[in-house]
Amino acid sequence: KEMDEGIYNQIDAKFTKTGDKENGIKDGIRNEWYAKFDLGTPATDRGLPYTGVIERPELQEIYLKAIPEGVVRNGDGVLGYETNPDGYGVRVM
């Protein structure tokens, strides 16, 4: 599926790419690597963009600003939910 270009650009601006950095599991006290792994080469070999991270609040803000006013109501309690008959989505109570 394709993503809206404007939303993609906003996400990309906040995105920290990891494929171009040294990656692995590191001991934060001794500053020693337990294991290193390459995230860049597999992406490059397949013509894919690098993986990366974005702060959850920043991603949520981008999405919330992109949807119509009133679609998400913060502060309302949820008593329960039902899965839609077609199996996609839910109805919140």
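The values are calculated or read from the model by the stated rules, or taken from the named source; none is laboratory data. Keep in mind that what you see is a predicted model, and the values were worked out from it rather than measured. Neighbour counts are summed over all protein chains in view; Cβ atoms, including those assigned to glycine, are modelled from backbone coordinates with ideal geometry. Heavy atoms of the whole protein, side chains included, go into the accessibility calculation; ligands, DNA and RNA do not. Shrake-Rupley method; radii C 1.70, N 1.55, O 1.52, S 1.80 Å.
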Name the most mobile residue of Tyr34, Tyr50, Tyr81, meaning the one with the largest mean-square fluctuation, in a Gaussian network model of the chain with Cα contacts below 10 Å.
Tyr81
Rounded accessible area of Thr51 (nearest 10 Å², 1.4 Å probe):
80 Å²
For Gly52, other-chain or 5+-apart residues with amide H closer than 5 Å (H placed, Pro excluded) are Thr18
Show that you can apply the helix-only estimate: for the chain, add -39,500 (n - 2.57) for every DSSP H stretch of four or more residues, divide by all residues, and state [θ] at 222 nm to the nearest 500.
-8000 deg cm²/dmol
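If each residue of separation counts as 0.36 nm, what is the full-extension length gain between Thr51 and Val72 once their alpha-carbon separation is subtracted?
Values: separation 21, 0.36 × 21 = 7.56 nm, distance 2.88 nm.
4.7 nm is the gain from fully extending Thr51 to Val72.
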Listed residues Gly47, Gly28, Gly70; largest mean-square fluctuation, Gaussian network over the chain with Cα springs below 10 Å, found at Gly28
Check each of the trypsin sites (Lys or Arg not before Pro) in region 15-87 and keep only those in coil by DSSP with at most 10 other C-beta atoms within 10 angstrom; list them in order.
Arg30, Arg46, Arg73
At 1.4 Å probe size, with no ligands or nucleic acids counted, give the accessible surface of Phe15 in Å², nearest ten.
60 Å²
If the reach is capped at under 15 angstrom between alpha carbons, list the aspartates and glutamates near Lys14, excluding any in the same chain fewer than eight residues apart.
Glu5, Glu55, Glu58, Glu61
Average projected area [Cα convex hull, the chain], square nanometres
10.5 nm²
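Provide Glu58, Glu82, Glu69 ordered by accessible surface of protein heavy atoms (probe 1.4 Å), highest first. It would help to have the intermediate numbers written out before the result.
On the way: Glu58 60, Glu82 85, Glu69 185 Å².
Heavy-atom accessible area, descending, gives Glu69, Glu82, Glu58.
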Please find, in a Gaussian network model of the chain (springs between Cα atoms separated by less than 10 Å), the residue of Gly24, Gly75, Gly52 whose mean-square fluctuation is greatest.
Gly75
Under 17 Å from the Cα of Lys36, which lysines turn up, not counting those fewer than eight places away in the same chain?
Lys17, Lys21, Lys26
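On the protein heavy atoms, probe 1.4 angstrom, tell me the percent of accessible surface of region 1-81 carried by carbon and sulfur.
52 percent
Under a Cβ-Cβ cut-off of 12 Å, what is the net charge of the residues other than Val53 that fall near it, where Lys and Arg count +1 and Asp and Glu count -1?
With Lys, Arg at +1 and Asp, Glu at -1, the neighbours total +2.
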For region 14-25, in order, what is each residue's ³J(HN,Hα) by Karplus, 6.51 cos²θ - 1.76 cosθ + 1.60 with θ = phi - 60°, in whole Hz (x at glycine and Pro)?
9, 7, 9, 6, 10, x, 9, 10, 6, 10, x, 10
